[in-house]
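Working notes for the structure below.
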Amino acid sequence: MNFKKWMALGLTAALAVSLAACGQNSESAAQQTAAAAGSEDVQTEPVEITFYSYTLLNASAQEATQKLMDEFMAQNPDVKVTGVPVSNSDMAARLQADMAAGEVPDVAQLPFRAMDFAINGLGAVAINDLTTEEEFDKNFETFSPNGLALGEYDGKTYCLPFTFSTPVLFYNGTLFEQAGLDPNDPPETWDEVLQYGQAIKEANPDVEALHVATTGASSGEWIAQALIYSNGGSILSEDRSTITFNEEGGMGAMQMLRDMADAGVHGTMTEEEATEAFSNGNLAMYLQSSAVHASMKKAAEAGGWDLYGAAMPAFTGKEAVPANSGSALFVFTQDEAKRDAVWRFLQFVSSDRGYEIITAEIGYLPLRPALVEEGGALYEFAQENPLLGVNMEQMTRMRQTTAFPTENWQTLSASLYEMVDKVLWTDEPVEQIVNDTAAQDQELLNG
Amino acid sequence: MKSDVLTYGPGLALPRSGRNRAAVKTKRGALARVCWQPYVYLLPALVLMCVWIYYPLLRTFYLSFFNWNMLPTTTPQFCGLDNFAKLLRTPGFSNAVVNTLVMMVGLLPFSIVLPVLVSIFAKSITKRASAFYRGMIFVPMILAPVAAAAVFRWILHPAGGLLNQLLERMGVEESISFLNDPRYALGCIIFITGWKMTGFFTLLFYSAVQNIDDGYYQAAAMDGAGFWQQTFRITLPLLSPTLVFNTMLSILFASSWSFTYVDTLTQGGPLNSTINAYYFMWDKGFRTSSSGLTSSSAVVFFLGFGLIALVLSHVGQKLSYYDN
Amino acid sequence: METQVLVYRGPVRWAGHALLAAVSVLSLFPLVWMVLNAFKPTDEILYFSLLPQNVTLQNFADALEMIPLPTMIVRSFASGVFQMVGQLCTGILAAYALTRWDFPGKKLFYGLFTVTWLVPFQATMLPNYVNLVQLGLRDTVAGIVLPNLASAFAILTLYQSFNAFPKTIFEAAQVDGANSLKTLLQVVLPNLKGPVASLGIILFINCWNEYFWPLLITRSIDKATVQIGLSMFLSSEGNLWGPLLAAAVLASLPILLLYMVLQKQIIDSFMKSGIK
């Protein structure tokens, strides 16, 4: 490249930056005056906010997460977002460590199950308090009401769904056909899943028929919660003081899993192994987060089998109630001056453009349903990925995953998948397993 | 190094005079110029350990009697032994204790038996050949733990993994979920940890065996002692300090070394069958941001390891010829 | 030329070869498998074929594109070297003090060093982290290394080697008027190249393989270490096996190199002791 070209490039870049800055300044100046009637000086140092994120520590999602931050900063030159990569399972500990060191994180990506702890343990700030009621309502006008409800706690919104997914029954069409089943007619109830599973096992004893991804730490307990919800049960009482999963609904859901195991339909693999087995065509049905869709699609193409997906099966005579997995953005900023910047960042992440990146490039769900409708930015993407439609439909009837309170929240969460492990892989009576777990959890809940 | 004779003391065929002379001289030399010199040499290590290990450890001891969420905005509340009572009630604690003990013992074949055999037999072949083998045995050490875990996950995979393929050829019909079956999971974790550590211990034992003076072997050979007699009368006795040291090392670190594999492969499961002391402290303490559980479990396991170390060093002193 | 003092013949020698070869194969097999898989396309990895059918470099390209592996390797290498040198220095000084002199409190100090072995890292992690944040050492190599500059393992291993050193030589050096530091540097250390080098390798690898502490200290991917980089290929959205194994292969090369360099030291010292 010669000198002239460099010059031209430099000039164009400078021009672009200053133009963007101009456009932004007028906007943000207005916001600044609205938020804090402080200094009028636009030339101040950019406000720096930290964003603790575990998708930043994920080789395949890192780039898109960075893109979200970069695009936001390009639009808001007065804000600098610093990404802090933290591993998913250590996020809560890391936030606490930094708080203990006197550095309060501004925005953090936490799993939904951490909500109670984030609020009561770490002092998360309600998103409503970042801005005016009017502006808040305006921002979430076209938002999925069920999606927004996921972040609600005692009447306020404490988190914004970020990478969020629902459970999907993935299935291997090729194995279905080998068992004489029609891949276009997926099982809709657990009774049908059992029949399908038996047919698959009969036709092909070497493959596993079913795995429900709620058997280990890697996916956690949220699908177990969805099963219990779907059978009319609940996890905790309304006031979060009493364990309720040992009532009829929960007991029945666990009995269903035991029936699957007894019939040889549910396999004996770990979660990761099930993922690999499904990828190499050795598992027929896999109830798992919609987030794995992209990698399953790749595996199916490489392996030459047909990938299908259906809604989470229901219990006969009841409507399936999916729960949600994934993460949400929580705000911990105590600094008033930063709140406006944080609010604008959340606005951007949950904007049409934000969900466009999250859905198309990270593989999670858009919480603005209009995006996938005709004329929306994700319309074409949705046409190419029919599974997105399944998810959008499930969103209309899902219920918030229960977040356990008290400092024992992680142990309590873990107890649910450990209960599933016992139901699937031991001979102990289901009733005893569920009651023992409930008794132990009640004790942990009491502190 | 020829001089090792002096250290190892009353072995079977060892010249005793050398040792006595050394002992006498050491006493006199030591008196000549004591005072401050050794303390200066100890200072860097001591300061670092006080700042980065003892201070936080004491803090942990202190915090184990308090109820606190570690945030500067709140103050610790004294709660006596509550944290310890809570620890005992925490699901998985007793599993962690038992599994830790199993791991301590289970690792010994990989950390002691095999490396000692390798080091002894390395004497029977040329040095160049044994260095070549030792190089290969060491290679697992350099492999990143995450990658080692990944490799073994694939080998142990129930849906077509190499081990299951092999078993199928040998007539085992049902494929085994090695990492998800409480009967096998702990054994697998021990094997993987052992596989990774064998090279490390081989290096330690090998150096010790090579350091034994060839004079003994020559003398023994002249007396007509064969390989086995030499092994039992020279190598093993002279190896005993190293044996004691390495056994201690292996036992005390079994939990810490297997931690990564527990974390990446089983997360303590299935049914808590692979949870160990380190994973317990990590998962129920640090990861849960529970200061009470972190500190009380750290105190309990610290004392437990200390007790084991005491017993071992007591036994070790009796078994060892190392009596400088 | 090496001289083998004793040459065993017959069954013992064959047994020796058989045992060492068997253990070597067992040690190497998973590694060979890893290297082979790093060259396979994803579907072949998933389908457990042993030898690659279609050899590809795609995994390496992906790995290098997805994470800044070279900077990570440099960072890990720097941490490893600093930590190793630090632990060797503090270890050599302490072990020298403990073996050369008898002095009041000797047993106590030895005990104090040993006890640090028993301290689980979970007990020290958080307070140390808070300290380092206050020192402003997050995202630095210093932050990774500083809390680990003294190692009980290094001290105690060196103590053993030093103990094997003839005390008469200390005396002789002292008579010659050499001060204690000079004796250490000019007389003791040159004779202990082998043990120090093998300990060095182990200390370096320990640091290289560290994951949790560097992760806590790191605040940006550009400042991350190799182990953090490798773990980035594992996630709940699906693990990227090919790039993980390819990155792991690339990441083992620097230590392999270091091992070979230091290994030469070790073998030389063994050879020398063989010849005398």
For the range A:187-230, how many residues are touching a residue at least 40 places away in the same chain (Cβ under 8 Å), surrounded by fewer than 23 Cβ atoms within 10 Å (Cβ to Cβ) and out of contact with any strand residue (DSSP E or B) (no Cβ under 9 Å at 6 or more places or on another chain)? 5
When only residues in the range A:70-93 that are of a type in the set (D, E, K, R) and either crowded, with 22+ Cβ neighbours inside 10 Å or within 7 Å of another protein chain (Cβ to nearest Cβ) (or both) count, which is nearest to residue C:132 (Cα to Cα)? A:90
Suppose the filter is closer than 20 Å to residue C:61 by Cβ and free of Cβ contacts under 8 Å to residues at least 12 places away in the same chain; does residue C:245 pass it? no
Out of (1) aliphatic (A, V, I, L, M); (2) under 24 Å from residue C:67 (Cβ atoms); (3) surrounded by 22 or more Cβ atoms within 10 Å (Cβ to Cβ), the odd one out for residue A:115 is which? (2)
So if I check each of C:140, C:168, C:116, which one is touching a residue at least 60 places away in the same chain (Cβ under 8 Å) and β-branched (Val, Ile, Thr)? C:140
Filter result (facing another protein chain (nearest Cβ under 9 Å) and either in contact with a strand residue (DSSP E or B) (Cβ under 6 Å, 6 or more places away or on another chain) or closer than 21 Å to residue C:90 by Cα (or both)) within the range C:132-149: C:132, C:146, C:147, C:148, C:149
Pick from C:231, C:198, C:252: which is of a type outside the set (D, E, K, R), surrounded by 18 or more Cβ atoms within 10 Å (Cβ to Cβ) and modelled with pLDDT under 85? C:198
So which residues in the range C:150-185 are more than 10 Å from chain B (Cβ to nearest Cβ) and closer than 27 Å to residue C:124 by Cα, if there are any at all? C:158
Of everything in the range C:58-74, what is within 14 Å of chain A (Cβ to nearest Cβ) and of a type outside the set (A, V, I, L, M, F, W, C)? Give them in sequence order. C:58, C:59, C:62, C:65, C:68
Sole miss for residue B:165 among (1) touching a helix residue (DSSP H, G or I) at 6+ places or on another chain (Cβ under 9 Å); (2) facing chain C (nearest Cβ under 9 Å) is condition (1)
Only one of B:107, B:58 that is within 27 Å of the chain's Cα centre (by Cα), buried (at least 17 other Cβ atoms within 10 Å of the Cβ) and farther than 24 Å from residue A:92 by Cβ: B:107
Need the failing condition index for residue B:120 against (1) more than 7 Å from chain C (Cβ to nearest Cβ); (2) more than 21 Å from the chain's Cα centre (by Cα); (3) at pLDDT below 90, just the number. (2)
Could you check the range C:94-113 and list, in sequence order, the residues that are free of Cβ contacts under 8 Å to residues at least 24 places away in the same chain, in a helix (DSSP H, G or I) and not small (Gly, Ala, Ser)? C:106, C:107, C:108, C:109, C:112
Of the residues in the range A:255-281, those that are among the β-branched types (Val, Ile, Thr) and either part of a helix (DSSP H, G or I) or more than 9 Å from chain B (Cβ to nearest Cβ) (or both) number 2
Test result for residue C:94, within 30 Å of residue B:39 (Cβ to Cβ) and buried (at least 18 other Cβ atoms within 10 Å of the Cβ): yes
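Scan the range B:287-297 residue by residue and report those that are outside any helix (DSSP H, G or I) and in contact with a helix residue (DSSP H, G or I) (Cβ under 6 Å, 6 or more places away or on another chain).
Listed by number, the residues that qualify are B:287, B:288, B:289.
Here's the yes/no breakdown for (1) assigned to a loop (DSSP other than H, G, I, E, B); (2) surrounded by 21 or more Cβ atoms within 10 Å (Cβ to Cβ):
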| site | (1), (2) |
| --- | --- |
| B:120 | no, yes |
| B:141 | no, yes |
| B:148 | no, yes |
| B:166 | no, no |
| B:172 | yes, no |
| B:188 | no, yes |
| B:191 | no, no |
Pick from the range A:374-420, criterion in a loop (DSSP other than H, G, I, E, B) and of a type in the set (A, V, I, L, M, F, W, C), ranking: surrounded by the fewest Cβ atoms within 10 Å (Cβ to Cβ): A:377
For the range C:206-220: of the residues being of a type in the set (A, V, I, L, M) and buried (at least 21 other Cβ atoms within 10 Å of the Cβ), which is nearest to residue B:286 (Cα to Cα)? C:216
Complete set of residues in the range C:219-234 that are within 7 Å of another protein chain (Cβ to nearest Cβ), of a type outside the set (A, V, I, L, M, F, W, C) and in contact with a helix residue (DSSP H, G or I) (Cβ under 8 Å, 6 or more places away or on another chain): C:227, C:231
So, in the range C:97-117, exactly how many residues are surrounded by fewer than 20 Cβ atoms within 10 Å (Cβ to Cβ), facing chain B (nearest Cβ under 10 Å) and aliphatic (A, V, I, L, M)? 2
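The values are calculated or read from the model by the stated rules, or taken from the named source; none is laboratory data. The structure presented is a predicted model; accordingly, all values stated were derived computationally and were not measured. Neighbour counts are summed over all protein chains in view; Cβ atoms, including those assigned to glycine, are modelled from backbone coordinates with ideal geometry.
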